[in-house]
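Novice: Sharing a structure, written as structure tokens. Questions coming.
Just so it is clear, none of the values below were taken in a lab; they were calculated from the coordinates. Predicted model only: the values in this text are computed from it and were never measured. Cβ atoms come from the backbone with ideal geometry, glycine included; neighbour counts cover every protein chain shown.
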Amino acid sequence: MKGVILAGGSGSRLRPLTKVTNKHLLPVYDKPMIFYPLETLITAGVKDILIVTGAENAGDFLKLLGSGSEFGVNLYYRVQDGSGGIAEALGLAEVFVGDDRCTVVLGDNIVEDNIEKFVNNFENSKEVEACIFLKEVDDPERFGVAEISGDRIISIEEKPKKPKSNFAVTGIYMYSPAVFDIIKNLKPSARGEYEITDVNNAFIRRGTLSFSRLKGFWTDAGTFQSLHRATNLVKKKHEEKQV
């Protein structure tokens, strides 16, 4: 199993903070944001991890994280030119992933659960080509939203005005190498990006997408509100451990 952290983008919703640094290097309580998705992969047993980021701050990631030896893993880096969307960024990992399966985490996602058992189950599955993680939220219109029927997902709609459920698609995905062929055949969305929702819907049409539900807290940290929420959630967890 390979790991991929997508940490590019302009971070426009967090300006002026992101005028001088990549948003994934901003602090969340006592650690840089990028540490959290990295720890998610490490605790899941993933040892080889690629970080995809923009050229402007690539050196800052290398200075902070180095080779990965400090964390007991092997870190690799790839630069994404421009902001072509999540699927475009994932497409840059094709050579790195090779014939393996991969667990992908968005760089601004912070999750409490240990996903190791899900990673192991997916790695050993022959029928399932993709697995996504869902979390029930109060503001589903901010996310990709899954329409569920029984034990399967019928469709995923990106930032719907009238969500069909409260289950948000979190920024944690697991894919077989088939994902790269799907990405190559994508067309840009109305906003000019290659959408990960289109990738997941392609697997739904193939009948090879599964899902799991996160039990612990989950949040992104891409806006001032969600960055504040992430800091509070991590702070609360630290305080509970100290009691």
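Novice: With contacts defined as alpha carbon pairs under 8 Å and 6 or more residues apart, what's the relative contact order of the chain in percent?
Specialist: 24
Novice: Restricting to Cα pairs below 8 Å that are 6+ residues apart, what does the relative contact order work out to for the range 1-144? Please round to a whole percent.
Specialist: Taking the mean separation of contacting Cα pairs over the length of the range 1-144, I get 34 percent.
Novice: A further question on this structure: For the modelled label position 7 Å from the Cα of Asp100 along Cα-to-Cβ, which residues of the range 17-61 have backbone nitrogen atoms closer than 16 Å?
Specialist: Taking a point 7 Å out along Cα→Cβ of Asp100, the residues of the range 17-61 whose backbone N falls under 16 Å are 38-52.
Novice: Sorted by average packing, counted as other Cβ atoms within 10 angstrom per residue and highest first, what order do 171-181, 16-26 take?
Specialist: 171-181, 16-26
Novice: Something else now. Please give the calculated 222 nm ellipticity per residue for the chain, where each DSSP H segment of at least 4 residues contributes -39500 (n - 2.57) and the sum is spread over every residue; nearest 500 deg cm²/dmol? Walk me through the numbers on the way to the answer.
Specialist: On the way: 8 runs with 72 residues, N = 243.
Counting only the DSSP helices, I get -8500 deg cm²/dmol.
Novice: Here's a follow-up. With labels modelled as points extended 7 Å from the Cα through the Cβ direction, what inter-label distance (nm, one decimal) is found for Glu240 paired with Ile154?
Specialist: 3.4
Novice: Sort the following peptides by mean Cβ neighbour count (other Cβ atoms within 10 Å, averaged over residues), highest first: 38-51, 156-169. All intermediate terms of the calculation are to be shown ahead of the outcome.
Specialist: Details: 38-51: 20.2, 156-169: 16.9.
My ranking of the peptides, most packed first, is 38-51, 156-169.
Novice: Let me ask another. If I take R0 = 41 Å and measure r between the Cβ atoms of Glu56 and Asn185 in this structure, what FRET efficiency does the formula 1/(1 + (r/R0)^6) give, to the nearest 0.05?
Specialist: Efficiency for this residue pair is about 0.85.
Novice: For a test of understanding, tell me how many lysine pairs in the range 1-148 have Cα atoms under 17 Å apart, given they are 8 or more places apart or on different chains.
Specialist: Count of close lysine pairs: 8.
Novice: Another one. For the range 92-226, take the alpha-carbon Rg, divide it by the Kirkwood Rh, and send me Rg/Rh.
Specialist: Values: Rg = 14.4 Å, Rh = 15.4 Å.
The Rg/Rh ratio comes out at 0.93.
Novice: In µm²/s, what is D for the range 51-109 at 20 °C and 1.002 mPa s, where D = kT/(6 pi eta Rh) by Stokes-Einstein and Rh is the Kirkwood radius from Cα pairs? Each step should come with its number before you reach the end.
Specialist: Numbers: Rh = 12.5 Å.
Value of D from the Cα-based Kirkwood radius: 171 µm²/s.
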